[in-house]
C-alpha cells in the first residue's frame, strides 16, 4: 500500500561499512519521505555510492539497519530491495546492448520457461509509462542504437516498470547534454508529484538546487550537515562538502605558440552508429586550450580516437609539429608526446583488476625506469604510483589495491595524475571532470590551465558548455562530424554555440 503523503518511507540508522582497514560509511543515518527528493552530497570517495549500494542490497552493512515503509530490509539482498519498491539508476548504465529496449526493461520479470508469456501486456505497460512520464523511446530499438539520453530513459523505465516507490539516481546527468538534463528534471517532477521518493546523488550544485527538497552532506563517510535546500546556497554546499572555501580558477591571458597538431580536411569512417569526421581542419597550438562542444555522438569520439592513435584518417592530412604523422598508432601518439585523459575511465582508462601501481604506469610500462631488460620494475612502479596518489589526492587503500575498488572520481584523479606528471606536449582531455565533485573539478581545471601556461596544447572535449566557455581560449563546435570555424574566447554566446551544435549554423554557412 502506498504510504500517505509526507510519511517516512525510508530510514537508514547508524550505517557503518568497512572494506578491510577502510571505513566507507560510519554511523550514517538519514530519512526520506513520500514525494520528497533528498540530494546526497559529498566529495568523491565520501561514501555516497557505498551507502546507496547498502540500501539497494548490493552491500551488507557491518553495523546499522535499513527500514523501508516501516519494515526492516534484509541486508545484502537486492531482490528484497526490488520487491520492497527500491529502484536504482547507476552512473554507468547496466544495459544489454544487443537486446531491445523492451527486453532490457522486462529482463528478469518473466519466467525463463515461457519467455513469450505476457509480452503484449509488458509492451502496453512500458508504452503507458513512457507516455505518462514523458520518457519517449522505441521499445523495439536495440540499446546499441540509442544515445546516452535515451539509455537513461530506459534505465528509469526499468525501475518504474518494477513499480519502484523509491528511486536512487547516482550522478544521473553525468553523461547528458543540458537539454537532456532538463528533460530528466521534467520527468522527475512528474514522478514526485505521483508520490515517488528520490535519492539524488550529484556533484552539479545548480541541479541540486533545481530538483531537491533537502540536502544531506557526507564527508569522509560521515554525515556532517543536513538542511532544507531553500535554506542553503551553492557556496555553502561546496564548503560543507570539502570542509573549506573553494576558489574558482581564473584563466590568464594565453601566449599561443606553434601548432603541435594540425588536421587538414581529415575524414574518418563511421563505426556502427558512431559518426566519423567529415573534412575536419583544425590546429592545436602550444599555450592554448582549444574547446570542443557538441551533442554526444557527433564525432567527438572519432576526433579523440584519432589523436590517441586509435583511428587513422581515411582522407586528409595530419601533421605532428609540422611534419606528416607517418604510421599512426597508440604507441606513435604516446611517442609524439600526446597525453590522453579518456572519456570512459572504466572501459578505456583503467584495467579494473590491475592495482593502482599497474594502472599508474599503464601507458609508460615500456619506458625506463619501469622496464629493465624486459621486466617490470615493481619498486619503480610503486614509487611512481605513490607520487601520483600523493600529488593528486587519490583516496585509496594504497598502490596495491585493485583500482575497481575506487570511486569514479578517484579513478579520474589517478588518470589525470599519470598524464600530467609526464608533462605531455599535447593533452587530450575528453570529459575530464565527468562525475567529479566541486573540489576535484576545480583542481582539474587548475591543472589544465597550468599545463597550458607551461606550453602544452590542450584539447578540451566536454558536453558542459559552461566549462568549455570558462576555460577555453578557442572554441569549436561539432555536429554530425563537421567542425565549425574557431571562435575566440568571449566572441560567442551559449545560444550561438548551441546553434552550431545543433547543425543549424552549418547549413547557413554552406
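The values are calculated or read from the model by the stated rules, or taken from the named source; none is laboratory data. The structure presented is a predicted model; accordingly, all values stated were derived computationally and were not measured. As a convention, Cβ positions derive from the backbone with ideal geometry for all residues, glycine included, and neighbour counts pool all protein chains shown.
When we screen 333, 357 for residues that are in contact with a strand residue (DSSP E or B) (Cβ under 9 Å, 6 or more places away or on another chain), crowded, with 20+ Cβ neighbours inside 10 Å, in a helix (DSSP H, G or I) and at pLDDT 85 or above, the only hit is 333. Pairs meeting the criteria (first residue in segment 193-216 and on the phi > 0 side of the Ramachandran plot, second residue at pLDDT 90 or above and assigned to a loop (DSSP other than H, G, I, E, B), beta carbons under 9 Å, at least 6 apart or on different chains) are 195/34; 195/35; 195/165. Exactly one residue out of 305, 297 is closer than 20 Å to residue 477 by Cα, at pLDDT below 95, outside the structural domain of residue 180 (by TED's automatic domain parsing) and surrounded by fewer than 21 Cβ atoms within 10 Å (Cβ to Cβ): that is 297. Every test in (1) part of a loop (DSSP other than H, G, I, E, B); (2) touching a strand residue (DSSP E or B) at 6+ places or on another chain (Cβ under 7 Å) is passed by residue 292 save one, and that test is (1). Summed over segment 248-261, the residues that are outside any loop (DSSP other than H, G, I, E, B) and either free of Cβ contacts under 8 Å to residues at least 12 places away in the same chain or buried (at least 20 other Cβ atoms within 10 Å of the Cβ) (or both) give a count of 2.
The residue pairs whose first member lies in segment 294-322 and is without any contact (Cβ under 8 Å) to a residue 40 or more places away in the chain, whose second member is surrounded by 16 or more Cβ atoms within 10 Å (Cβ to Cβ) and in a loop (DSSP other than H, G, I, E, B), and whose beta carbons are closer than 8 Å, counting only pairs six or more residues apart or on different chains, are 305/268; 305/311; 309/328.
Scanning segment 387-414 for residues that are assigned to a helix (DSSP H, G or I) and surrounded by 16 or more Cβ atoms within 10 Å (Cβ to Cβ) yields 388, 389, 403, 405, 408, 409, 410, 411, 412, 413, 414. On the given criteria, is residue 27 more than 29 Å from residue 187 (Cβ to Cβ), assigned by TED's automatic domain parsing to the domain that holds residue 194 and modelled with pLDDT of 95 or more? Taking the combined requirement at face value, the residue satisfies it. Quick check: anything in segment 280-287 assigned to a loop (DSSP other than H, G, I, E, B), touching a residue at least 60 places away in the same chain (Cβ under 8 Å) and assigned by TED's automatic domain parsing to the domain that holds residue 474? Yes, there is a match, as at least one residue in segment 280-287 is assigned to a loop (DSSP other than H, G, I, E, B), touching a residue at least 60 places away in the same chain (Cβ under 8 Å) and assigned by TED's automatic domain parsing to the domain that holds residue 474. Restricted to strands (runs of 3 or more DSSP E) entirely inside segment 19-97, those with at least 2 residues that are within 24 Å of residue 435 (Cβ to Cβ) and in contact with a strand residue (DSSP E or B) (Cβ under 6 Å, 6 or more places away or on another chain) are 22-33, 37-42, 86-89.
Scan segment 296-307 and tell me whether some residue there is part of a loop (DSSP other than H, G, I, E, B), over 30 Å from residue 494 (Cα atoms) and touching a helix residue (DSSP H, G or I) at 6+ places or on another chain (Cβ under 9 Å). Scanning segment 296-307 turns up no residue that is part of a loop (DSSP other than H, G, I, E, B), over 30 Å from residue 494 (Cα atoms) and touching a helix residue (DSSP H, G or I) at 6+ places or on another chain (Cβ under 9 Å).
Condition check ((1) farther than 30 Å from residue 7 by Cα; (2) part of a helix (DSSP H, G or I); (3) outside the structural domain of residue 95 (by TED's automatic domain parsing)) across all residues:
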residue: 124; (1), (2), (3): yes, yes, no
residue: 129; (1), (2), (3): no, yes, no
residue: 135; (1), (2), (3): no, no, no
residue: 138; (1), (2), (3): yes, no, no
residue: 150; (1), (2), (3): yes, yes, no
residue: 154; (1), (2), (3): no, yes, no
residue: 158; (1), (2), (3): no, yes, no
residue: 163; (1), (2), (3): no, no, no
residue: 167; (1), (2), (3): no, no, no
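Please indicate, with yes or no, whether at least one residue in segment 228-247 is assigned to a strand (DSSP E or B) and surrounded by fewer than 18 Cβ atoms within 10 Å (Cβ to Cβ). Yes.
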